[in-house]
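The values are calculated or read from the model by the stated rules, or taken from the named source; none is laboratory data. Remember, it's a predicted structure, so these values are computed and weren't measured experimentally. Neighbour counts run over all protein chains shown; Cβ positions are idealised from the backbone, glycine included.
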Amino acid sequence: MNVLDAIQNRRSIRAFRPDPVPKATIEQILQISQRAPSGTNTQPWHVYVCAGAVRQAISDDVLALARAGKGAKYEDFEYYPATWNDVHRDRRRGVGWSLYSLVGVAKGDREGSARQSARNFLFFDAPVGLFVTVDRYLTRGSWADAGMYLQTIMLAAKGFGLDTCPQAAWIQYQEPVFKHLGIPADQSLVSGMSLGFADPNAIENTLISEREALENVAHYRGFD
């Protein structure tokens, strides 16, 4: 698969087959992803990869916290704002309800919404979870670098016939992640990610999120 096809075909997969992913394949993906760009070549990212019993322990502990309503808020970590501007709020709601409608969750169905949200913490049944961090003292430039690293992993995975789902949902339940993966306290969690083989029969994997028209985001200056 060439890079243009990978960009066009990559999407967030929310139902995976249980087939294991060889560690050697993951290592190849991560080795390739070390070529991701970063400001002044700082390469600020760390990546923690889990499978098997460790992956299950993270899921179990996070789901227990979620059921008990003990999640943090995104704004506690300056990750997302407490209040969104209209355009960003509408895009979030749009993709959320597109997904929920596919899986049969109606508006106002809080139990169904919670059930679907909890799928994040099962890694959507993917056999592999990844967590990307940066050192806590670093600021927005390094977080941008980590974002480019995450994108590189996702595109490299496509080249190996694998799919991914980047997940901010883990930000609210960091303690079990740090505990089970031995992440030092002086690091900040940027994102989790599920990795595996997409389930081609899952209705949620038919979701293709809308993209804004180019003329609304591209601003040209100095062209004839």
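Against the conditions (1) out of contact with any helix residue (DSSP H, G or I) (no Cβ under 7 Å at 6 or more places or on another chain); (2) touching a residue at least 40 places away in the same chain (Cβ under 8 Å), Thr139 satisfies every one except (2).
Remark: pairs (first residue in the range 79-96, without any contact (Cβ under 8 Å) to a residue 40 or more places away in the chain and on the phi < 0 side of the Ramachandran plot; second residue loosely packed, with under 12 Cβ neighbours inside 10 Å and of a type in the set (Val, Ile, Thr); Cβ separation under 9 Å; 6+ apart in sequence or on different chains) = Arg89/Thr83.
Only one of these is touching a Lys or Arg at 6+ places or on another chain (Cβ under 7 Å) and under 21 Å from Ser142 (Cβ atoms): Asp186, Asp199. Name it.
On the way: Asp199 fails: under 21 Å from Ser142 (Cβ atoms).
Just one listed residue meets the conditions, Asp186.
Taking every residue in the range 4-27 that is of a type in the set (Ser, Thr, Tyr) and pairing it with any residue that is crowded, with 20+ Cβ neighbours inside 10 Å, at least 6 positions away or on another chain, the pairs with Cβ-Cβ distances below 8 Å are Ser12/Thr164; Ser12/Cys165; Thr25/Leu162.
Applying the selection to the range 123-154, what residues are closer than 19 Å to Pro20 by Cα, of a type in the set (A, V, I, L, M) and assigned to a helix (DSSP H, G or I)?
So in the range 123-154, the residues closer than 19 Å to Pro20 by Cα come out as 123-131, 153-154.
Filter again for of a type in the set (A, V, I, L, M), leaving 126, 128, 130, 153-154.
The answer is Ile153, Met154.
Criterion first (under 15 Å from Val47 (Cβ atoms), assigned to a loop (DSSP other than H, G, I, E, B) and at pLDDT 95 or above) does Pro166 satisfy it? Taking the combined requirement at face value, the residue does not satisfy it. Somewhere in the range 6-19, is a residue closer than 15 Å to Ala156 by Cα, surrounded by 11 or more Cβ atoms within 10 Å (Cβ to Cβ) and in contact with a Leu (Cβ under 6 Å, 6 or more places away or on another chain)? Yes: the range 6-19 contains one or more residues that are closer than 15 Å to Ala156 by Cα, surrounded by 11 or more Cβ atoms within 10 Å (Cβ to Cβ) and in contact with a Leu (Cβ under 6 Å, 6 or more places away or on another chain). Residues being more than 15 Å from the chain's Cα centre (by Cα) and either basic (Lys, Arg) or under 22 Å from Leu189 (Cβ atoms) (or both) are entirely absent from the range 121-131.
In this structure, is Ala118 small (Gly, Ala, Ser), assigned to a helix (DSSP H, G or I) and within 25 Å of Ser188 (Cβ to Cβ)? Let's see the steps before the verdict.
Values: small (Gly, Ala, Ser): yes; assigned to a helix (DSSP H, G or I): yes; within 25 Å of Ser188 (Cβ to Cβ): yes.
Answer is yes for this residue.
Among the residues of the range 171-186, those identified as outside any helix (DSSP H, G or I) and surrounded by fewer than 17 Cβ atoms within 10 Å (Cβ to Cβ) are Gly182, Pro184, Ala185, Asp186. Starting from residues that are surrounded by 17 or more Cβ atoms within 10 Å (Cβ to Cβ) and of a type in the set (Asp, Glu), keep the ones in the range 196-213 and report whichever is nearest to Gly52 (Cα to Cα). Once the filter is applied, the top-ranked residue is Asp199. For Val87, the requirement of being of a type in the set (A, V, I, L, M), surrounded by 13 or more Cβ atoms within 10 Å (Cβ to Cβ) and either in a helix (DSSP H, G or I) or at pLDDT 95 or above (or both) is not met.
Scanning the range 158-207 for residues that are of a type in the set (Val, Ile, Thr), under 15 Å from Leu130 (Cβ atoms) and more than 15 Å from the chain's Cα centre (by Cα) turns up just one, Ile183. Sort out which residues of the range 35-55 are exposed (fewer than 13 other Cβ atoms within 10 Å of the Cβ), out of contact with any Asp or Glu (no Cβ under 9 Å at 6 or more places or on another chain) and not charged (D, E, K, R), and write them in order of number. Thr40, Asn41, Gly52, Ala53, listed by residue number.
The residues in the range 29-70 that are assigned to a loop (DSSP other than H, G, I, E, B) and of a type in the set (Gly, Ala, Ser) can be counted, and the count is 5.
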